[in-house]
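> Can you keep this structure in mind? I'll have questions shortly.
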Amino acid sequence: MQQRMDKFLTKTSTHVNVDVESPTSNKRTCVEFNPENLISDPGRREQIDECNVNIRDQVRRAYLAKGPCQPLNYKFPKTQYGIERRSFQKSWFKEFDWLEYSIKYDRAYCLWCYLFKPNRADNSGRDVFSATGFNNWKRALEALEVFRDHIGSFGSSHNEATRRCQAFKNQKKSVSHILSAHGLEIEVEYRNRLTAVLSVIRLLLQLGLPFRGHNESSDSIYKGNFLEVLEWYCQRDDQVAKFVGPNAPGNCQLTSPKVQKELVNACAIETRSVIFADIGDKYFSLMVDESRDISLKEQMVVVLRYVNKHGQVIERFISIEHVLDTSSQSLKNAIDGLFLRHGLSLSQLRGQGYDGASNMSDVKDKLFLTFTSIVLKSFVGLLILFLKR
């Protein structure tokens with residue numbers, strides 16, 4: 001049992017994903033429940049009290065969603081009792097909604113007690129339906145009496161577990177009701193807010209203007225282009241003002257620098273996708289220049305030049321690549337990485353343009369050698385195939 005419980009707690013678990021920190025780290029171990037490999041057979045389950053407390057409610061919720069394990073189409077095996085052979089009866093499922101059956105061990109269990117059994121002193125010897133299972137099918141009437149005795153009076157452990165189960169379900173149902181009632185309205189507001197913010201970002205990107213300001217506080221005279229244009233947008237459009245700024249939730253303003261960068265990056269990805277789709281399988285030329293930014297970090301600007309389907313010569317800026325230094329090897333590695341990320345092939349490269357520096361010329365030679373090697377390997381492969389014929 002303890003070995004099966006390890007699946008909830010270890011890195012190789014099929015139920016959880018665990019990030020384990022080093023012994024000297026102060027970070028808490030992160031445990032995540034994986035419902036895909038939930039064990040249906042009650043005889044093979046780990047006890048709920050042994051489950052990690054961080055995922056215990058998730059485990060309960062997953063089992064309640066699946067419901068009791070009741071294999072209605074299963075042919076229950078018969079056990080010899082003297083001259084008679086008896087087995088579990090499928091009809092018992094209709095009378096007891098909590099009843100479960102383990103195919104592996106031919107035993108009966110109680111789902112409510114398994115999930116919500118109270119820790120009380122009078123539980124000693126009453127773990128039959130939550131842990132060990134019941135399997136005495138000698139007389140059907142006696143088995144029914146055992147099931148009814150398990151339910152017991154109002155204050156029994158089973159009824160207490162049933163009440164806890166109903167409270168757990170009602171708690172979840174109330175949250176679901178609130179989300180379903182307001183989910184559509186919240187989604188519409190979020191989409192409108194995101195559309196307004198994205199419109200401002202696209203405008204600033206198109207004009208090539210900076211986003212941030214030196215002082216972006218609420219009492220600042222000038223908060224930067226992004227916040228100022230967004231505020232102007234709200235003043236001119238009452239529909240936008242309903243979802244942006246003071247009328248937006250405090251945790252979903254979509255105006256933080258991190259959100260701005262993520263949206264800008266999304267715009268860049270979409271723009272590059274259009275450019276690469278326009279290039280297709282056509283030839284192109286590579287133009288590269290290198291400079292330092294204000295923080296003295298080396299960076300490399302990459303531009304592609306190609307002829308589109310209308311016969312027009314197009315030059316498109318692709319990316320700014322940060323490099324450790326301006327040596328030929330570093331620049332070549334950065335170009336190789338760029339080609340690899342965006343699915344570009346050196347076999348389509350038909351020209352290279354640099355700023356004339358000697359290290360840039362070395363990059364050109366290395367890329368030419370790489371391209372030549374690819375062509376020679378292809379030619380040799382075709383030649384071998386031709387000779388084999």
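> Could you pull out every one of the aspartates and glutamates with an alpha carbon less than 12 Å from that of LYS104, ignoring same-chain neighbours closer than 8 positions?
Candidates past the 8-residue exclusion: ASP41.
> While we're looking at this one, here's another question. Can you list which of the trypsin sites (Lys or Arg not before Pro) found in the stretch 285-329 are DSSP loop residues with at most 16 other C-beta atoms within 10 Å?
Those that pass, being in a loop and sparsely packed, are LYS297, LYS309.
> As a test question: what accessible area, to the nearest 10 Å², does GLU187 have when a 1.4 Å probe is rolled over all protein chains in place?
Using a 1.4 Å probe on the heavy atoms, I get roughly 90 Å².
> A 29 angstrom limit on the alpha carbon distance is what I want to check against. Which of LYS66/LYS90; LYS75/LYS138; LYS66/LYS117; LYS78/LYS169; LYS261/LYS332 exceed it?
LYS78/LYS169
> As an exercise, use a Förster radius of 35 Å and the Cβ-Cβ distance of VAL323 and ASN215 to find the FRET efficiency, rounded to the nearest 0.05.
It comes to 0.55.
> Treat each spin label as a single point 7 Å out from the Cα along the C-beta direction, and report the LEU198 to VAL264 distance in nm.
Here the answer is 1.8 nm between the modelled labels.
The values are calculated or read from the model by the stated rules, or taken from the named source; none is laboratory data. Quantities reported herein were computed from a predicted structural model and do not represent experimental measurements. With ideal geometry, Cβ positions are generated from the backbone for all residues, glycine too; neighbour counts draw on all protein chains shown. For the accessible areas, the whole protein counts, side chains as well, though only heavy atoms, and no ligand, DNA or RNA atoms are used. Shrake-Rupley method; radii C 1.70, N 1.55, O 1.52, S 1.80 Å.
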